[in-house]
Amino acid sequence: MKYKAHALIILLFCCAVNLISSEAKYVGSDLRDPFKSYLPEAKIDKTSSVILRELSTLNLTGIIWGEDPMAIINGKVYRVGESILGIKIVEIDKRGVLLEHQGESYILKPK
């Protein structure tokens with residue numbers, strides 16, 4: 001019995017030494033790289049920040065509404081359908097001016 005216990009201890013020790021001294025090998029070369037994105041690259045629309053910057057420069061000083069509404073923006077008169085800085089004027093009413101650029105809507109209110 002004493003020899004069986006010693007043999008078991010020696011066997012476990014040899015296995016442990018073998019595990020510790022063995023070198024880890026990467027065998028997953030055919031597996032997917034977890035650090036590589038397989039999604040298509042996102043198209044960042046930098047124009048939205050440019051548009052917001054340009055909108056901050058617009059000063060709506062007056063609105064004339066009726067059959068042919070007009071807005072006074074930065075000292076110039078604009079009508080529905082016209083563009084200012086590449087941004088189309090969609091609607092003018094007493095609350096403000098509805099602007100649109102690349103499918104995004106913005107409201108310009110009097111200051």
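The numbers here are math on the coordinates, done by the rules we state, and not lab data. Since the structure is predicted, the reported quantities are computational estimates derived from the model, not experimental observations. Every residue, glycine as well, gets a Cβ built from its backbone with ideal geometry; the counts of neighbours run over all protein chains shown.
Could you list Lys109, Lys36 in order of exposure, starting from the residue whose Cβ has the fewest other Cβ atoms within 10 Å? Don't skip to the end; give the middle numbers.
Working: Lys109 9, Lys36 6.
Neighbour counts put them in this order, fewest first: Lys36, Lys109.
For the modelled label position 7 Å from the Cα of Val90 along Cα-to-Cβ, which residues of region 63-82 have backbone nitrogen atoms closer than 13 Å?
Label zone hits: 81.
Based only on other Cβ atoms within 10 Å, what is the fewest-to-most ordering of Lys76, Lys88?
Lys76, Lys88
Give the Cα extents of region 47-108 along the principal axes, in whole Å, largest first.
33, 22, 18
How do Val97, Val50 rank when sorted from fewest to most other Cβ atoms within 10 Å of their own Cβ?
Ascending number of Cβ neighbours within 10 Å: Val50, Val97.
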